[in-house]
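Quick notes on the structure that follows.
What follows is calculated from the coordinates using simple rules that are stated; it is not laboratory data. This structure is a prediction, so every number in the text was calculated from the model and none was measured. Neighbour counts run over all protein chains shown; Cβ positions are idealised from the backbone, glycine included.
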Amino acid sequence: MHKRHFLKTLFAAVLLAGGVGAAQADALSSAEKSGVLRIAVPQDFPPFGTVGPDLKPRGYDIDVANLIGREMKLKVELIPVTSTNRIPYLTTGKADLVISSLGKNPDREKVIDFSSAYAPFFNGVFGPGDAAVKTAADTAGKVVGVTRGSVEDLEFSKLAPPTANIKRFEDNNATISAYLSGQVQLVATGNVVAAAVNERSKLRRLETKFLIKNSPCYVGVNKGEAALLGKVNAVIAKLKASGELNQVSQHWLQAPLPADL
C-alpha cells in the first residue's frame, strides 16, 4: 500500500511539474492571447529608467520596451523593478521580459536567457571632440581624471602608459567637476555618467575616445522561451536596421549606437 501510494504521489508530482513547465514555456502565446506584454523596467537608474516630472516612467529602457510592444502588436504593461528583484520578477512569472540595463554573466546565464544586445554600457576614456586620443597609449603625457577605486580606475590603471598623469578624485561629481573646470584633460568613467553630464552641461562635452571595459545591455527572457526570445531578437534586429534604436541611444545617451553592438 505504501509503495502504491508513493508511486501515485510521484506520478501526480511529475504531471504537475510537466503542466507548470508547459505553461511557463509558452509565454509568447499567453501574451498574444491576453494582448498584454509584461515588461520589468528600472525606476531608479537614469537614463535607462526613472520617473519623469509627470510621474510617468521614462528612459532608454522604457522606450525600448514600448518599441518591442509596438512591433509585437501588444499592449505593454510596465512593471517597475530594482536591480535586486528584476531577475526574480522574471523567474517567478511576474514579468514576461526584463529590460532593465541587464548585463550578461555566466551566473545569470544559468538562470535566464538573454537577447541580442540592445544598448551600450561601458567604461571608457572620454574627452573633448578635438582631443586626438584613440587608444590608451595616446594618453601619454595627458592628465586623466578618475574616481578613486572605481572599475574604470582599476581597469585604466592597467592600460595607462607610465607617463599618463592619473588624478584620482573621491566621487563622480568631483571627477566631472575637475574635467568641466579644465583641471584634467580627459576622464575615465562610464558612458551613463558621460551621457548625464552632456545632458546637463554644454561645457566641454564628453565624447568617447576608447573603451576600457564593455558590458552591453540585454533583454532577459525565461529559460525555455525560445519563441519569445526569437521574437524579441527579430524586433531588436529590425529596430537596429531601421535606425530607431540609434535614435533612442542618441536621445538618452547623447551618442550613437556602437557599430559592433
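Key figures
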| quantity | calculated |
| --- | --- |
| Order of Leu97, Leu78 - criterion: other Cβ atoms within 10 Å of each residue's Cβ, fewest first | Leu78, Leu97 |
| Local electrostatic count, Asn123, Cβ distance below 10 Å [Lys/Arg +1, Asp/Glu -1] | -2 |
| Max mean-square fluctuation residue, GNM over the chain, Cα-Cα springs under 10 Å, options Leu203, Leu180, Leu28 | Leu203 |
| Between the stretch 106-158 and the stretch 76-98, the alpha-carbon center distance in angstrom | 28 |
| Residue of Glu225, Glu170, Glu155 that the Gaussian network model of the chain assigns the largest fluctuation, springs spanning Cα pairs under 10 Å | Glu170 |
| Amide hydrogen neighbours beyond the local backbone of Glu77, cut-off 5 Å, H modeled | Leu37, Arg38, Ile39 |
| Residue with peak Gaussian network fluctuation, the chain [Cα springs, cutoff 10 Å], from Pro88, Pro120, Pro46 | Pro88 |
| Identified option (computed log10 I(q)/I(0) by the Debye sum over Cα atoms at q = 0.12, 0.15, 0.16 Å⁻¹; candidates (i) -0.75, -1.14, -1.27; (ii) -0.77, -1.06, -1.15; (iii) -0.87, -1.04, -1.11) | (ii) |
| Per-residue ³J(HN,Hα) for the stretch 64-70, Karplus 6.51 cos²θ - 1.76 cosθ + 1.60, θ = phi - 60°, Hz, x for Gly and Pro | 5, 4, 5, 5, 5, x, 4 |
| The stretch 128-145 - phi-based ³J(HN,Hα) in whole Hz, Karplus 6.51/-1.76/1.60, Gly and Pro as x | x, x, 8, 6, 7, 10, 10, 9, 4, 4, 6, 8, 4, x, 9, 9, 10, x |
| Amide H contacts under 5 Å for Ile166, placed H, 5+ residues apart | Val144 |
| Surrounding net charge for Arg86, when Lys and Arg each add one and Asp and Glu each subtract one, Cβ distance under 12 Å | 0 |
| Calculated from backbone phi, Karplus (6.51, -1.76, 1.60) coupling profile of the stretch 218-227 in Hz, x at Gly/Pro | 10, 7, x, 10, 4, 4, x, 9, 4, 5 |
| Given charges at Cβ of Lys, Arg, Asp, Glu: the stretch 122-214 dipole, positive-most of Ser150, Phe122, Ser181 | Ser181 |
| Relative contact order (%) - criterion: Cα under 8 Å, at least six apart; region: the chain | 24 |
| Alpha-carbon centroids, the stretch 224-261 and the stretch 26-55: separation in whole Å | 16 |
